[in-house]
Amino acid sequence: MRIYISADMEGVSGVVHGGQTAPGAREYDRACALMIGEVNAAIAGAYDGGATAVLVNDSHWNMRNLHLEALDSRAELLSGSPKPLSMVQGLDASFDAVFFVGYHARAGSFAASIDHTCTGSVYWAAVNGREMGELGLNALFAGLHGVPIALVSGDQQLIAEARDLLGEESVTVQVKEAIGRSAARCLPIAEARRRIQEGAKLALERRRTNTGGSWLLRPPSPATLTVAFMNTAQAELAALVPGSERIEARSVQFTHADYREVYRAWRAMYLLAGAA
Ligand SMILES: [Zn+2]
């Protein structure tokens, strides 16, 4: 059983403020250590549950947060950026399940640790009218390849988002309760890691015995992506993506039958917006 782990930092227990998550920040090294602890717990749980191979995609910021020398030696690491497909680089039909570890709620969520959607320039994003953050947009990419989301970890708002999108069958692990965007009540480190390891094991046991379930999020076809940006200059540049349409002063839309093309447009849109 081949497992793909996309690992972010904002949803890790002990990480509560944007001042911890930027490379070079005073507390950044601490946050990296907390992150790799939860990733290693997920890898251990995956092998407990019958995994035969694990690929970890470092999916936070410059994507060089996880140090290979400290990673569970049974896993391979996708490190560095830019990667064309960012948080889902290398995810294809050869995998049996996906884990989203340390993920965070979408931009505009109530009481959610460092809520955002990929960059600070995205106000909200939706697919066929359904609002989505990184969790949803990446889950649809996995669904495109027929790979289910088996495990999600983060704060209570991210878990609620996962339940809403994926139903009750995927295993969710809450490691902290966000009090607001920059404060959270955190589980002790050992307990957060224990729950993730057990959750990963349980997820793969379910994966082996389950035949289907709503945790496989298949993308609609056609899929229409709508992105509202923080300001009009960002929308001006995002609308340079061929085939896109600026539907409001701050909003750009892109429709395609193939969600792979929609994801590529999404990547191009927010990268262009970042140049505004
Ligand atoms: Zn991140």
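How many residues are farther than 20 Å from MET87 by Cβ and not aliphatic (A, V, I, L, M) when one looks only at the stretch 235-272?
The qualifying residues number 11.
In this structure, does THR172 turn out to be in a strand (DSSP E or B) and surrounded by fewer than 20 Cβ atoms within 10 Å (Cβ to Cβ)?
Working: in a strand (DSSP E or B): yes; surrounded by fewer than 20 Cβ atoms within 10 Å (Cβ to Cβ): no.
No; evaluated as a whole, the condition is false for this residue.
Of all the residues that make up the stretch 1-23, how many are surrounded by fewer than 16 Cβ atoms within 10 Å (Cβ to Cβ) and either closer than 23 Å to GLN157 by Cα or within 15 Å of the ligand (Cβ to nearest atom) (or both)?
Qualifying residue count, the stretch 1-23: 4.
Which of the residues spanning the stretch 114-147 are part of a helix (DSSP H, G or I), small (Gly, Ala, Ser) and within 27 Å of GLY19 (Cα to Cα)? Don't jump to the end; show me each part of the working.
At the first step, the residues of the stretch 114-147 found to be part of a helix (DSSP H, G or I) are 134-144.
Next, only the ones that are small (Gly, Ala, Ser) stay: 136, 139, 142-143.
If the condition is that a residue be part of a helix (DSSP H, G or I), small (Gly, Ala, Ser) and within 27 Å of GLY19 (Cα to Cα), then GLY136 is the only one that fits.
Has the stretch 152-168 got at least one residue that is in a strand (DSSP E or B), β-branched (Val, Ile, Thr) and surrounded by fewer than 19 Cβ atoms within 10 Å (Cβ to Cβ)? Even if it seems obvious, please write down each step before you answer.
At the first step, the residues of the stretch 152-168 found to be in a strand (DSSP E or B) are 152-155.
Those still in the list that are β-branched (Val, Ile, Thr) too: 152.
Add one more test, that the residue is surrounded by fewer than 19 Cβ atoms within 10 Å (Cβ to Cβ), and what stays is none.
The answer is no, given that none of the residues of the stretch 152-168 is in a strand (DSSP E or B), β-branched (Val, Ile, Thr) and surrounded by fewer than 19 Cβ atoms within 10 Å (Cβ to Cβ).
Matching residues to (1) free of Cβ contacts under 8 Å to residues at least 40 places away in the same chain; (2) open to solvent by less than 60 Å² (accessible area, probe 1.4 Å); (3) not assigned by TED's automatic domain parsing to the domain that holds ALA160:
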position: ALA192; (1), (2), (3): no, yes, no
position: LEU217; (1), (2), (3): no, yes, yes
position: ALA228; (1), (2), (3): no, yes, yes
position: ALA239; (1), (2), (3): yes, yes, yes
position: SER244; (1), (2), (3): yes, yes, yes
position: VAL252; (1), (2), (3): yes, yes, yes
position: THR255; (1), (2), (3): yes, no, yes
position: VAL262; (1), (2), (3): no, yes, yes
position: MET269; (1), (2), (3): no, yes, yes
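Within the stretch 114-131, how many residues are of a type outside the set (Asp, Glu), surrounded by fewer than 22 Cβ atoms within 10 Å (Cβ to Cβ) and away from the ligand (no atom under 12 Å from the Cβ)?
Matching residues across the stretch 114-131 total 7.
Given the criteria closer than 19 Å to TRP266 by Cβ and modelled with pLDDT of 95 or more, does LEU85 qualify?
Numbers: closer than 19 Å to TRP266 by Cβ: yes; modelled with pLDDT of 95 or more: yes.
Yes.
Residues checked against (1) part of a loop (DSSP other than H, G, I, E, B); (2) open to solvent by 10 Å² or more (accessible area, probe 1.4 Å):
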residue	(1), (2)
LEU55	no, yes
ARG64	yes, yes
ASP72	yes, yes
PRO82	yes, yes
PHE95	yes, yes
ALA105	yes, no
ALA112	yes, no
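Could we say that ALA31 is within 16 Å of the ligand (Cβ to nearest atom) and in the same structural domain as LEU140 (by TED's automatic domain parsing) here? Let's see the steps before the verdict.
Values: within 16 Å of the ligand (Cβ to nearest atom): yes; in the same structural domain as LEU140 (by TED's automatic domain parsing): yes.
Against the criterion (within 16 Å of the ligand (Cβ to nearest atom) and in the same structural domain as LEU140 (by TED's automatic domain parsing)), ALA31 qualifies.
Which members of the stretch 163-188 meet the condition of being touching a helix residue (DSSP H, G or I) at 6+ places or on another chain (Cβ under 6 Å) and without any contact (Cβ under 8 Å) to a residue 40 or more places away in the chain?
VAL171, THR172, VAL173, GLN174, GLU177
The values are calculated or read from the model by the stated rules, or taken from the named source; none is laboratory data. Please read all numbers here as calculations on a predicted model, not as lab measurements. Don't worry about glycine lacking a Cβ; one is built from the backbone with ideal geometry, like all the others, and counts go over all protein chains shown. Ligands, DNA and RNA are excluded from the accessible area calculation, which covers all protein heavy atoms including side chains. Shrake-Rupley method; radii C 1.70, N 1.55, O 1.52, S 1.80 Å.
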